[in-house]
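Here the structure is laid out as structure tokens; the discussion comes afterwards.
Readers should treat all values here as calculations from the given coordinates under stated rules, not as data from a laboratory. As the structure is a prediction and not an experimental result, all values here were calculated from the model. Using ideal geometry, Cβ is built from the backbone for each residue, glycine included, and neighbour counts are taken over all protein chains shown.
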Amino acid sequence: MLIALYIMLGLALVLGAVLGYAALKFKVEGDPLIARIDAILPQTQCGQCGYPGCKPYATAIANGEADINQCPPGGDEGVHALADLLGVEYKPLNEEHGETKPKMVAFIEEDICIGCTLCIQACPVDAIVGAAKHMHTIVASECTGCELCIAPCPVDCITMNPIVETPENWKWKYPTIPIKPAIHL
Amino acid sequence: MDLKSYFIILIGTVLVNNIVLVKILGLCPFMGVSKKLEASIGMAAATAFVLTIGSMTSWIIDHYLLQTYQLEYLRTLSFIVVIASVVQLTQMVMEKSFPILYQMLGIFLPLITSNCAVLGIPLLNAQTDNGFIESALFGLGGAAGFSIVLILFASIRERLEAADVPMPFKGSAIAMITAALMSLAFMGFAGLDKF
């Protein structure tokens, strides 16, 4: 009886070792550059850059098809970070793609909502819950503030509210000391 | 065992005792991956590899471990473990070397694990007390038979797409009928009484 257990155990160990070795030997690496660019992008999936989401935009940057200054939600900081990563010159944000706004979340006026599900289909991150002819609402913690749900709403019941500062999301504002401009003589 | 008997085993498993059409094993990939010729060739190659390697490793485990310790009742269990590992290995190699084929086969690649032909051949080997070379040939023959039938069937189905099939028979129904007719045709090989 015990020998049967030992044999199955031994078999499992040997096969596991072979598979573990093969997993290292035949490892498939995704393109690491795309992943690093994607990590900098704000993941709002808003499509303001002209690509269907952050990952496609990251792929386009990595392939040299897109410029680094097409992401308004990422703001100036995002462009700086991308310029650092890719070793290219910083460019100011391209105005064509929109301007940077403070972080917002969408809010549905539930008295007005008619339950048409159009905003649910527009939401790139599935942050809207609801069903046909039932009131919808927004999962504020999932909302990226991309504003894609505003345009399809037939009764204009969605508004964008800035994120209110609460003890949970408050961040220490580091004191910044402005550098004195050099005096021109 | 001489060369002639090896040849007889090979022909016998490929045609006379065809694993799919005569023994009716491994019907899931036969029906599932036969819509496109290209995918079916990939599936045939992957299954053939797993079948051959699987029947060889199963023989080694059966002969040196299970029979030595009179543990024949562990056959099914240990064969499944071995086959699952070989499938995993195939999957890793394929993902690395043929990524397009890997994407095309999709879920059917890991499902080779549950392909009953792949388990059936090692079990039949163990029951008939085949030697190592016989087992390997049996696996290879079964694999070749599976591949031939799958590729033939996929080619027929590709042509059927363009054929004027009566409405109620469209899709899977005509595929089933085609498979049955192919099975009838392969039963005809049973007349080769040498095998």
What whole-number distance in Å separates the alpha-carbon centres of region B:80-159 and region A:145-176? 55
Using the scaling law 2.2 N^0.38 Å as the reference, what is the normalised Cα Rg of region A:1-106? 1.77
Relative contact order (%) - region A:1-134, alpha-carbon pairs under 8 angstrom, separation at least six: 16
Relative to the longest principal Cα axis of chain A, at what angle does helix A:2-25 sit, 0 to 90 degrees, rounded to 10? 50
Value in Å of the Kirkwood radius, where region B:87-171 supplies the Cα pairs that are averaged: 15.6
Work the Kirkwood hydrodynamic radius out for region A:103-179: mean of 1/r over every pair of different alpha-carbon atoms, inverted, in Å. 13.7
Helix B:75-97 against the longest principal axis of chain B: what's the angle in degrees, Cα atoms only, rounded to the nearest 10? 60
Debye log10 I(q)/I(0) at q = 0.17, 0.30, 0.34 Å⁻¹ for region B:110-152, Cα point scatterers: -0.49, -1.05, -1.13
Region A:1-74: trypsin sites (Lys or Arg not before Pro) in DSSP loop, at most 16 other beta carbons within 10 Å: A:Lys27
Ascending count of other beta-carbon atoms within 10 Å, so fewest first, for A:Cys119, A:Cys46, A:Cys157: A:Cys157, A:Cys46, A:Cys119
Could you tell me the convex hull volume per residue, in Å³, taken over the Cα atoms of region B:1-94? 139
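For the residues A:Cys71, A:Cys143, B:Cys28, A:Cys49, what sequence is obtained by ranking on other C-beta atoms within 10 Å, fewest first?
If I rank by nearby Cβ atoms, fewest first, I get B:Cys28, A:Cys143, A:Cys49, A:Cys71.
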For chain A, modelled as a GNM with alpha-carbon contacts under 10 angstrom, which of A:Pro73, A:Pro175, A:Pro56 fluctuates the most? A:Pro175
Could you give the angle, 0 to 90 degrees to the nearest 10, between helix B:172-187's Cα long axis and the longest principal axis of the Cα atoms of chain B? 50
Using only the alpha carbons of region B:127-189, what is the convex hull's orientation-averaged projected area in square nanometres? 5.7
Alpha carbon convex hull of the protein assembly as shown, projected area averaged over orientations, nm²: 33.8
Can you give me the Kirkwood hydrodynamic radius for chain B, using every pair of distinct Cα atoms, in Å to one decimal? 17.4
Which residue, A:Ile61, A:Ile114, A:Ile150, has the most motion in a Gaussian network model of chain A that connects Cα atoms within less than 10 Å? A:Ile114
Please identify, among B:Ala180, B:Ala44, B:Ala84, the residue showing maximal mean-square fluctuation in a Gaussian network model of chain B using a 10 angstrom Cα cutoff. B:Ala180
Using alpha carbon centroids, what distance separates region A:1-47 and region B:1-65, in Å? 29
Restricting to DSSP loop positions (anything but H, G, I, E, B) with no more than 10 other Cβ atoms inside 10 Å of their own Cβ, which trypsin sites (Lys or Arg not before Pro) remain in region A:96-185? A:Lys133, A:Lys171, A:Lys173
If amide hydrogens are placed 1.01 Å from N in the peptide plane, which non-local residues have theirs closer than 5 Å to the one on A:Val105? A:Asn161, A:Ile163
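Find the relative contact order for region B:37-182 and round it to a whole percent, using C-alpha pairs within less than 8 Å whose residues are 6+ positions apart.
It comes to 40 percent, rounded to a whole number.
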Mean shadow area (nm²) of the C-alpha convex hull around chain A is 21.4
Please arrange A:Val14, B:Val87, B:Val118 by how many other C-beta atoms lie within 10 Å of their C-beta, fewest to most. A:Val14, B:Val87, B:Val118
Starting from region B:1-82, pick out the chymotrypsin sites (Phe, Trp or Tyr not before Pro) whose DSSP state is loop and whose Cβ has at most 15 other Cβ atoms within 10 Å. B:Tyr69
